[in-house]
Amino acid sequence: FECHLQKTTGITSVLSALNSLGIPFCVATSSSPERTTKALTSTGLLSYFEGRIFTRALVNKGKPAPDLFLYAANALNIAPKNCLVIEDSQPGIAAAKAADMRYFHYTGGAHLQNCIVTSDNTINSWDEFYSRIPDIFDMRKIK
């Protein structure tokens, strides 16, 4: 796991851009706190999420219930209607819908290579993410 897990192409750029623009973000995962920390550490992404990691252990009901996403939004003091969930699983998408949050179904991970999904809510790469939210990612604003 630690040796073979790799970050997806472009994620560091997206996280850096979000930081640069002052846009809050977090991880809200069904994984355990230990596995999440190990994954973020092994991919070099932990520093982006420190203090903003929310796991299934924090709520009574996991995905597809909205509890974890609502917990994270509350912890960050952001209204659910102002949140955008990036999810690679159907239970996660169901949780985002139940929380009344916008979502994108991310299909760019290596574990989803054979996943063929086409909808307005699908993004296949982090480059595509930029173009899907042009009002946020005006590249002229990013330093």
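The values are calculated or read from the model by the stated rules, or taken from the named source; none is laboratory data. No experiment lies behind these values; they were computed from the predicted model shown. Ideal geometry is used to build each Cβ from the backbone, glycine not excepted, and the neighbour counts take in all protein chains shown. Protein only, heavy atoms only, side chains kept; ligands, DNA and RNA dropped before computing areas. Shrake-Rupley method; radii C 1.70, N 1.55, O 1.52, S 1.80 Å.
Any residue at all in segment 79-86 that is open to solvent by 60 Å² or more (accessible area, probe 1.4 Å), modelled with pLDDT of 90 or more and in a helix (DSSP H, G or I)?
yes
Here's a check for you: in segment 25-50, which residue that is part of a loop (DSSP other than H, G, I, E, B) and either modelled with pLDDT of 95 or more or open to solvent by less than 60 Å² (accessible area, probe 1.4 Å) (or both) is nearest to residue 133 (Cα to Cα)?
25
Quick test of your reading of the structure: residue 107 fulfils all but one of (1) over 20 Å from residue 130 (Cα atoms); (2) modelled with pLDDT under 95. Name the failing condition by number.
Unmet for residue 107, out of (1) over 20 Å from residue 130 (Cα atoms); (2) modelled with pLDDT under 95: (1).
For segment 20-62: of the residues being over 14 Å from the mean Cα position of the chain (by Cα) and among the basic types (Lys, Arg), which is farthest from residue 101 (Cα to Cα)?
The qualifying residue farthest from residue 101 (Cα to Cα) is 38.
In the set 64, 91, which member is assigned to a loop (DSSP other than H, G, I, E, B), open to solvent by 50 Å² or more (accessible area, probe 1.4 Å) and modelled with pLDDT of 85 or more? Break it down into steps so the answer makes sense when it comes.
Details: 91 fails: assigned to a loop (DSSP other than H, G, I, E, B).
Going through 64, 91 in turn, the sole match is 64.
Can you name the residue in segment 42-67 that is polar (S, T, N, Q) and touching a residue at least 12 places away in the same chain (Cβ under 8 Å) and is also farthest from residue 79 (Cα to Cα) among such residues?
Looking at the filtered set, the residue picked out is 42.
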